[in-house]
Amino acid sequence: MSRKSALLRWSVVLGVLLSGVFFSLHVSINDNALDLLPDGAVKGDLQLLQRLGLVDRLFITLSVDEKEYLTEAAAQKALKKSVEKLGNTLRANDFFSLVVTRLPQGYESRLFNTLQTYLPVLLDEKDFAEIEHLTSVAGLEKVMQQNFELINSPAGIGMKQQVQRDPLGLTRLLLNKLIHLQTEFSMQLEDGFFMSKDRRSCLVFAESKLPLTDSKGAQTIEHELKNAFGKALTMGVEARIIGSLPHTLANSRSIQRDLRLLLPVATILLLLLLGVTFKNIRAFIVLSVPFMAAPPAIALTTLFFGNISALALGFGIVLLGIAVDFSIHLYLTLSREEGTQEKLLHRIRRPVIFATLTTTAVFIILLFSEVPSHRQMATLALSGVLLAVLFAWLVIPTIVSQKGRKKNSIQPMKCFLSYNASDIRHLSPLLQKGALSIWIILLVAGFLSWPQLRYNGDLRVLDVPDREVLADEHHFNVTWGQKGDQAFVIGVGKNLEEALDVNSLIYHFLRENNFDTFQSLAPILPGPGVQKNNLKLWRQFWQARRPAFDKQFAAVSQNKGFSEQAFALFFHQLERDPGLLFPESLSHSPLQPMLETMVRSFSTAKESGGENQFLVMSTVAIDDDTLPLLLAFAEQNSKIKVLANKKWRAEVEQLLRKDIVLLCFAAGCAIFFLVALQFRKIDVTFAVLAPVLSSLAAMSLFCWITGGELNMMHLIMGIMVIGLSVDYGIFVACSRLTGDTGTASMAVSICACSSLIGFGVLAFAHHPALHSLGITVLVGIGAAWPVALFVSPFLIKKESRVVQ
C-alpha cells in the first residue's frame with residue numbers, strides 16, 4: 001500500500017474521530033429511571049403518577065436529639081422552629097411547587113364551619129336514616145338534653161354558637177366520614193404539626209418541580225435541600241429523606257462508580273491480552289480501533305435520543321470487546337497468513353462482511369424492544385460496530401507491511417489460541433465423541449431448564465439503594481409506620497366536575513365492597529352530580545317534615561330550658577341554599593394541602609390537541625383478593641385508572657415475556673436465514689449455529705441454577721450473545737471449508753477472550769443491571785468459544801469442505 005493511500009485512509013478515520021469527539025463533548029448524560037421500563041401501560045401509569053406529583057414527592061423527617069436540650073419541651077420547640085424555617089426556605093425556592101409543614105392555626109373551627117355550611121350537599125342517602133332518628137320526638141329529647149348539659153359545663157363555654165347552628169349534631173355525621181381523609185402514616189397533630197407518637201419527629205411533605213427520576217434533576221434538588229437544611233435546622237435536629245430522590249441518586253452514583261473503575265480495567269486487560277498475544281507495538285493500534293469508533297457512535301446515539309444514559313455508556317465497555325474482534329481478525333490474517341495483501345483481504349472479506357451482517361442484524365432487531373434503554377444500547381452498539389468495521393478495514397492494512405509479515409509464526413499462548421479448526425481431524429475419535437457428548441448434554445440441560453425460569457417484573461430488581469438509603473427508609477417505617485401494598489385509583493375527566501363525579505363513583509364502589517382502609521376526597525368533596533342529588537334529598541326530607549318538625553323542636557327545646565329564638569340560625573340554614581361545593585371554596589381551608597396532593601390537571605397537547613385533563617386520586621390498601629376487584633371495576637369504566645405495584649409487576653412480566661420470545665425468535669430467524677443463505681448446506685449451517693445454541697443453553701442453565709429469574713436486562717443479553725457467538729461459528733466454518741491452515745481459530749480465541757474481558761469486568765459491577773449484563777453473558781460466551789473450536793468443525797461433513 002502506498003504512503004499516499006495510507007495517509008488518505010488515516011485522514012478519513014481521524015476526521016470522523018475528531019468530529020465524534022467534538023460532538024461528544026456536548027453530549028448530555030442522563031439517567032431517567034423510566035427508560036428502564038417497557039413502553040405501554042406500565043410507563044403510562046408511572047407518567048400518570050408523575051402528573052399527580054407522587055413520583056416527584058419528598059417525605060422529609062426532621063428528628064430532634066433530646067440529649068442536646070435541657071428539657072423535652074425545649075427540644076420540641078427547637079424541632080417545630082426547624083420545621084417552620086425549613087418550610088419557609090423551601091417555599092421561597094423556585095425548585096419546589098408544594099411544601100406542607102403544618103395545618104394552619106385554628107384549623108379545627110375553620111374546618112367545622114366550612115363543612116357545616118355545605119351540609120345539604122354533603123349528606124347522602126345513608127345519612128338521612130340517622131337524621132330520621134334525630135328528628136323523632138325521642139331523638140330530639142335525647143339530643144337537646146345533651147346540648148343543655150354541654151352548654152352548662154366548663155367545656156361548653158365556647159360551644160354555644162356551635163350548638164345554636166347545629167343542635168342536631170348533623171356536622172358530626174360528616175366528621176365521622178373524615179376517617180377516609182386520614183393519611184396512611186401513624187401520626188398525631190400538635191399545633192397543626194405532623195408529629196410522631198414519641199413527639200421526637202415531624203413530617204414535612206415537599207414536591208419537586210424537576211423530575212426526580214432524572215439524575216440531573218435529582219442532583220439539583222439534593223443540592224437545594226442541603227442548602228435549605230443548613231439554613232433551617234437548629235442544633236440537634238437532623239433531616240432524613242425518602243422517595244424517588246435517594247434511589248435515583250444511589251443508582252446514578254453506582255453506575256458512575258462502576259464506569260470510573262471498570263472502563264480503565266477493561267482497557268488495561270484488553271491491552272495486556274493483545275500485547276501478550278501479538279508481542280508487537282501494533283497491538284495498541286488494533287485496540288485503538290473500538291476507541292476511535294466510540295466517540296462518533298456516542299454522538300450518533302445522542303443525535304437520535306437527545307441524550308445518552310450512563311447505563312448505555314456502561315454498555316460501551318462491552319462494545320470494546322465486540323468491536324475489537326474485526327480488527328483482530330484482519331490483523332492476524334494480514335500479518336500471519338501467506339499471500340499478497342490483496343489476496344488476503346479478498347479471503348477475509350467474506351467472513352468479515354457476513355459476521356458484520358449477522359451482528360448488526362441482531363442489534364437492529366433489538367431496536368424493536370419495548371424498553372427504551374435497550375433501544376439506546378442497541379443504537380450505540382450498532383453504530384459502534386459498523387464504524388469499528390469500517391475503521392479496521394481502512395487502518396489495519398496500513399500497519400502491516402509485506403516485508404514484516406511472519407509466516408505462520410504464531411508462538412505465544414499455543415493451546416486454545418493457536419488451535420486451528422482443521423486440526424480437528426488429528427483429535428482421537430474418543431475426544432471428538434467426548435466433546436460432542438458434552439455439547440449435547442449442555443443443549444438438553446438448557447432446554448429443560450428454560451421452562452423453569454421465571455420472569456421477575458418487579459422494578460426494584462434493578463434498584464441499588466445504598467446503606468444510607470436503606471437506613472433512612474427503616475427509620476421512616478419505625479417512626480411513621482410501615483405501609484402495606486397500596487393502589488392508586490384515579491378518576492379522570494375532561495373538566496374538574498367530571499373528574500370529581502368519577503371519584504365519587506370510586507368512593508361508592510369502595511364503600512359498597514367493604515374496603516376498610518382507603519383515603520378519598522369524596523366524603524367532603526363529592527362530584528357535582530352527587531351534590532345535586534344530595535341537595536334534592538335534603539329538600540325532600542325537610543319539606544316532608546316541616547312545619548310539624550318546627551313545632552316539635554320548639555316544644556322540646558323550651559322544655560329543656562332554651563329560649564324560643566335560641567335556634568333561629570339553625571332554621572335559617574335549613575331554608576338556605578348553600579350552592580355546590582367546589583375546590584375553590586376549600587382553597588383557604590385546612591383541607592387545602594390535601595386538595596393539592598390529590599387533585600391535579602395537566603395539558604394533553606400532544607395527544608389531544610391541547611385539551612386539559614383533570615385527575616382526582618384515591619389511595620386504597622390492597623391484597624391479593626381486593627386488587628382483582630379494583631381492576632375489574634376499572635375495566636368497566638375507561639375514566640378510572642388503577643395504579644399498583646402488583647399490577648405493574650404482572651404487566652412487566654407479560655411485556656418481558658413477549659420481548660424475550662418475539663425478539664429472540666426474530667433474531668434467531670434472521671441469523672438462521674442469513675447463515676443458510678450464505679452457506680446453503682444443512683451441516684455447515686448447523687455448525688455455524690452450534691455456538692449460538694450452546695450460549696443460549698448455558699445462559700438458561702446458569703439463570704436456573706442461580707435463582708431462576710429473568711429481568712429486563714436478560715433480553716439484551718440473549719440478543720447480544722446470539723450476534724457474538726454466531727460470528728465465532730462463521731469464521732471457524734469458513735476456515736474449515738476452505739481448508740486454510742490460517743489463524744481463524746486463534747483470532748476467534750482472542751476475540752472470545754476480549755469479549756470475556758468486556759463482559760467479565762461488568763460481572764464485578766455494583767449496579768445490578770450492569771452486573772446481570774456481565775455475568776450472564778460471560779457464561780454464554782464462555783460456552784460458545786470452545787464449542788466453536790471443537791464442535792463446529794466436527795459437524796461439517798468431509799464432502800462439504802473445499803480444499804484449496
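The values are calculated or read from the model by the stated rules, or taken from the named source; none is laboratory data. All values reported here derive from a predicted model rather than from experimental measurement. Here the Cβ is made from the backbone with ideal geometry for all residues, glycine too, and neighbour counts use every protein chain on show. Side chains included, ligands, DNA and RNA excluded: accessible areas come from the protein's heavy atoms. Shrake-Rupley method; radii C 1.70, N 1.55, O 1.52, S 1.80 Å.
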Per-region count, the range 44-94, residues out of contact with any strand residue (DSSP E or B) (no Cβ under 9 Å at 6 or more places or on another chain), in a loop (DSSP other than H, G, I, E, B) and touching a residue at least 12 places away in the same chain (Cβ under 8 Å): 2
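Sort through PHE673, PHE679, PHE633, PHE702 and tell me the only one that's in contact (Cβ under 8 Å) with a residue 60 or more places away in the chain and over 26 Å from the mean Cα position of the chain (by Cα). Give the derivation first.
Working: PHE673 fails: in contact (Cβ under 8 Å) with a residue 60 or more places away in the chain; PHE679 fails: in contact (Cβ under 8 Å) with a residue 60 or more places away in the chain; PHE702 fails: over 26 Å from the mean Cα position of the chain (by Cα).
That would be PHE633, the only listed residue that is in contact (Cβ under 8 Å) with a residue 60 or more places away in the chain and over 26 Å from the mean Cα position of the chain (by Cα).
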Condition met for GLY106 (at positive phi, open to solvent by 40 Å² or more (accessible area, probe 1.4 Å) and modelled with pLDDT under 80): no
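In the range 482-492, which residues are open to solvent by less than 10 Å² (accessible area, probe 1.4 Å) and modelled with pLDDT of 90 or more? Before you say what the answer is, go through the steps one by one.
So the first thing to find is which residues in the range 482-492 are open to solvent by less than 10 Å² (accessible area, probe 1.4 Å), and the list is 487, 489-491.
Hits for the range 482-492 are VAL489, ILE490, GLY491.
Any residue at all in the range 663-675 that is assigned by TED's automatic domain parsing to the domain that holds LEU795, at positive phi and surrounded by fewer than 18 Cβ atoms within 10 Å (Cβ to Cβ)? Reasoning before the result, please.
Step one: of the range 663-675, the residues assigned by TED's automatic domain parsing to the domain that holds LEU795 are 663-675.
Remaining after also requiring at positive phi: none.
No: zero hits.
On the given criteria, is LEU269 among the hydrophobic types (A, V, I, L, M, F, W, C), under 26 Å from ALA392 (Cα atoms) and open to solvent by 40 Å² or more (accessible area, probe 1.4 Å)? Give the derivation first.
On the way: among the hydrophobic types (A, V, I, L, M, F, W, C): yes; under 26 Å from ALA392 (Cα atoms): yes; open to solvent by 40 Å² or more (accessible area, probe 1.4 Å): yes.
Considered against the rule, which asks whether it is among the hydrophobic types (A, V, I, L, M, F, W, C), under 26 Å from ALA392 (Cα atoms) and open to solvent by 40 Å² or more (accessible area, probe 1.4 Å), LEU269 comes out as yes.
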Filtered residue count, the range 128-155, keeping only those that are modelled with pLDDT under 85, open to solvent by less than 70 Å² (accessible area, probe 1.4 Å) and within 55 Å of the chain's Cα centre (by Cα): 0
Residues of the range 518-532 that turn out to be in a loop (DSSP other than H, G, I, E, B) and either buried (at least 22 other Cβ atoms within 10 Å of the Cβ) or of a type in the set (Lys, Arg) (or both), as a count: 7
Checklist (1) surrounded by 24 or more Cβ atoms within 10 Å (Cβ to Cβ); (2) over 27 Å from GLN256 (Cα atoms); (3) modelled with pLDDT under 80 applied to GLU337, failing item: (1)
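Having 1 or more residues that are modelled with pLDDT under 75 and not assigned by TED's automatic domain parsing to the domain that holds LEU386 is the bar; report the helices (runs of 4 or more DSSP H) wholly within the range 696-804 that clear it. Before the answer, list the steps.
Values: elements: 712-738, 744-762, 768-790, 792-795.
Ranges flagged: 712-738, 744-762, 768-790.
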Restricting the range 533-583 to residues that are among the hydrophobic types (A, V, I, L, M, F, W, C) and assigned to a loop (DSSP other than H, G, I, E, B), the residue that is surrounded by the fewest Cβ atoms within 10 Å (Cβ to Cβ): PHE582
Tally of residues being open to solvent by 30 Å² or more (accessible area, probe 1.4 Å) and either at pLDDT 90 or above or closer than 18 Å to GLU575 by Cβ (or both) across the range 118-127: 1
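Determine, yes or no, whether ASN514 is outside any helix (DSSP H, G or I), surrounded by fewer than 17 Cβ atoms within 10 Å (Cβ to Cβ) and not aliphatic (A, V, I, L, M). Break it down into steps so the answer makes sense when it comes.
Numbers: outside any helix (DSSP H, G or I): yes; surrounded by fewer than 17 Cβ atoms within 10 Å (Cβ to Cβ): yes; not aliphatic (A, V, I, L, M): yes.
Judged against the criteria, ASN514 is a match.
How many of the residues making up the range 356-395 are of a type in the set (A, V, I, L, M, F, W, C) and open to solvent by less than 10 Å² (accessible area, probe 1.4 Å)?
So the first thing to find is which residues in the range 356-395 are of a type in the set (A, V, I, L, M, F, W, C), and the list is 357, 361-368, 371, 377-378, 380-382, 385-395.
Still in the list and also open to solvent by less than 10 Å² (accessible area, probe 1.4 Å): 362-363, 366, 371, 377-378, 380-381, 385, 388, 391-392, 395.
Residues in the range 356-395 being of a type in the set (A, V, I, L, M, F, W, C) and open to solvent by less than 10 Å² (accessible area, probe 1.4 Å): 13 in total.
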Residue count for the range 525-567, restricted to those that are under 60 Å from the mean Cα position of the chain (by Cα) and not β-branched (Val, Ile, Thr): 21
Flag if THR101 is of a type in the set (S, T, N, Q), surrounded by fewer than 20 Cβ atoms within 10 Å (Cβ to Cβ) and in contact with a helix residue (DSSP H, G or I) (Cβ under 8 Å, 6 or more places away or on another chain): no
